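The structure appears right after this line, and notes come after that.
The values are calculated or read from the model by the stated rules, or taken from the named source; none is laboratory data. The model shown is predicted, which means the values in this text are computed figures rather than measured ones. Cβ sites come from the backbone with ideal geometry, for glycine too, and all protein chains shown count toward neighbours. Accessible surface is based on the protein model in full, side chains and every heavy atom, while ligands, DNA and RNA are left aside. Shrake-Rupley method; radii C 1.70, N 1.55, O 1.52, S 1.80 Å.
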Amino acid sequence: MTLSRVEELISRLNVRFGTSGARGLVADMTDEVCYTYASAFIQNVAGNAKQVVLGHDLRPSSPSIAAACAAAIIDSGREVVYAGALPTPALAFYAAQLKLPALVVTGSHIPFDRNGIKFYRIEGEISKADEVAMLNALVDLPGKISPAILPEADPRAGQAYIQRYLDFFGPGALEGLRVAVYEHSSVARDVLRSILEGLGAYVISLGRTDIFVPIDTEAVRPEDVAQARKWAEENSFDAIVSTDGDADRPLIGDEQGQWLRGDVVGILCAQYMRADVVVTPVSSNTAVEKCGSFKNVVRTRIGSPYVIAGMESALSQNTNVVGYEANGGFLLGSDVIQQSRYMAALPTRDAILPMLALLCLSRERKCKMSQLTQDLPARYTASDRLQNFDTMKSQELLARMLEQPSLLNSILAPQSGRVLSVDQTDGLRVTFESGDIVHLRPSGNAPELRCYSESDSSELAQILCDACLQRVRIQA
């Protein structure tokens, strides 16, 4: 065995912690790198548990990465509780039930040639402080790493997750509804069908494929926008739902096949859950404050660790705390009881809860899915990204705009009036005299520059986003 410092060992490969977990190119996620990350987690963050829950998504590279992680678990003297291919929130929920740490192999929504590992302590997702501890750790590495043979998957993990929603929403909650499921390569596609049918919905399966599809719920591909509308014309449904690869981000559409924005989904889900306090990143729609539904709204940096930290702080003085991100992933910070039905807190992003909440909310309000937003303030967001855009180049651009304030207008929004405020909580977020908002931020997961915009109409928000990215291309 060789004693090595994690940060020095992985410095030669670009597998880094991002907004949620460690991610990198599949080619760089060697057995040695994956074993190292898993060992650092087990030896320095996971505690004294004798077992570790392990699962993954449906990317072709995920089982081999999981096998390297399993070898690290076994070599540490612990037992692997292998749950197989399941949604990340299902794995996190099962680990929480068993009071065990967990490793989840997933690249979430990022492109096919990448993957990642997410880490869960007994208490939930690891923090940024935990990430630092793992990078500074000294780990024992064998001379040769032999990936473990993964055992048969434990079916109880998936069953527990399904039962969680059947118990809370109750039999017949979706009786009579026709729900289309865009299955693609989502690891939740079979679990989601079981939950929807268990609640009484008629499920229409669409777009299933064994080829991995990188669904990004913040930057929905034009082909997915067009396909949803086409499916709406060809099929009669009340809603269409989908997820990203590991099912911690929802994609929810109305009866017309129009996808809802994730930060609007978050507001509606928080309303259904009767939340007192909502914690959400700075990039989310300001309608959450303007709607007046919540006692307090806490803004954070982008990434679930920051939302979780915000929820933990809010819990000291409040009883019903939730969080969501602009991608629609919803986090339940506290236990919930509604009509004598109980749901335990799950402080990690989840795609299933917001789907079910919106379907039930449309029933509660006796309206179509497309009408759920009619009472919200008229604020609309858009987002997109420049792919294969070097992170250093992104950071240099943002620094240049701060040094030359005139660039804030000329690059971000030339027609939106003078700059009212500049927010550097995470990236560069600028509010203009017209009420328009444009936000640039280098991605924490891939070489991408993300743009978020907000305006008084969906058309204007999209124009702001598209035009800003075009001007950035020219500047670059």
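On the stretch given as segment 276-297, residues that are closer than 16 Å to residue 361 by Cβ and open to solvent by 10 Å² or more (accessible area, probe 1.4 Å) total 3. Could you tell me whether residue 378 is assigned to a loop (DSSP other than H, G, I, E, B), farther than 30 Å from residue 88 by Cβ and of a type in the set (A, V, I, L, M, F, W, C)? Criteria met by residue 378.
In the set (1) acidic (Asp, Glu); (2) closer than 23 Å to residue 252 by Cβ; (3) free of Cβ contacts under 8 Å to residues at least 24 places away in the same chain, residue 403 fails one condition alone, (2).
Output the residues belonging to segment 239-269 that are of a type in the set (Val, Ile, Thr) and open to solvent by less than 10 Å² (accessible area, probe 1.4 Å). Listed by number, the residues that qualify are 240, 241, 243, 252, 265, 267.
Residue by residue, here is whether (1) modelled with pLDDT under 95; (2) open to solvent by less than 20 Å² (accessible area, probe 1.4 Å); (3) closer than 28 Å to residue 217 by Cα holds:
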site	(1), (2), (3)
391	yes, no, yes
396	yes, no, yes
412	no, yes, yes
416	no, yes, yes
420	no, no, no
423	no, no, yes
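Within segment 230-238, at least one residue is surrounded by 16 or more Cβ atoms within 10 Å (Cβ to Cβ), touching a residue at least 60 places away in the same chain (Cβ under 8 Å) and farther than 21 Å from residue 87 by Cα. Scanning segment 346-354 finds one or more residues that are in contact with a strand residue (DSSP E or B) (Cβ under 8 Å, 6 or more places away or on another chain) and of a type in the set (Val, Ile, Thr). Within segment 450-476, residues that are within 21 Å of residue 379 (Cβ to Cβ) reach partners that are open to solvent by 70 Å² or more (accessible area, probe 1.4 Å) and among the β-branched types (Val, Ile, Thr) with beta carbons closer than 9 Å, at six or more positions or on different chains, in the pairs 453/463; 455/463. Here residue 205 meets the list (1) small (Gly, Ala, Ser); (2) part of a loop (DSSP other than H, G, I, E, B); (3) surrounded by fewer than 16 Cβ atoms within 10 Å (Cβ to Cβ) almost entirely, failing just condition (2). Of the strands (runs of 3 or more DSSP E) entirely within segment 245-344, those holding at least 3 residues that are in contact (Cβ under 8 Å) with a residue 12 or more places away in the chain occupy 250-253, 277-281, 296-300, 321-324, 330-332, 341-343. Listed by first and then second residue, the pairs with beta-carbon distance under 6 Å, at least 6 apart or on different chains, first residue in segment 21-33 and in contact (Cβ under 8 Å) with a residue 40 or more places away in the chain, second open to solvent by 10 Å² or more (accessible area, probe 1.4 Å) and small (Gly, Ala, Ser), are 26/61. Could you tell me which residue of segment 112-136 is most open to solvent (accessible area, probe 1.4 Å), considering only residues that are touching a Phe, Trp or Tyr at 6+ places or on another chain (Cβ under 9 Å) and part of a loop (DSSP other than H, G, I, E, B)? If we take residues in segment 112-136 being touching a Phe, Trp or Tyr at 6+ places or on another chain (Cβ under 9 Å) and part of a loop (DSSP other than H, G, I, E, B), then 112 is most open to solvent (accessible area, probe 1.4 Å). Condition (residue is open to solvent by 30 Å² or more (accessible area, probe 1.4 Å) and more than 28 Å from residue 246 (Cβ to Cβ)) applied to segment 339-358: is it met by at least one residue? So far as segment 339-358 goes, yes, one or more of its residues are open to solvent by 30 Å² or more (accessible area, probe 1.4 Å) and more than 28 Å from residue 246 (Cβ to Cβ).
Among the residues of segment 34-51, how many are polar (S, T, N, Q) and either without any contact (Cβ under 8 Å) to a residue 60 or more places away in the chain or buried (at least 18 other Cβ atoms within 10 Å of the Cβ) (or both)? Number of matching residues: 4.
Consider segment 427-470 and keep the residues that are polar (S, T, N, Q) and open to solvent by less than 10 Å² (accessible area, probe 1.4 Å). The one that is farthest from residue 17 (Cα to Cα) is 455.
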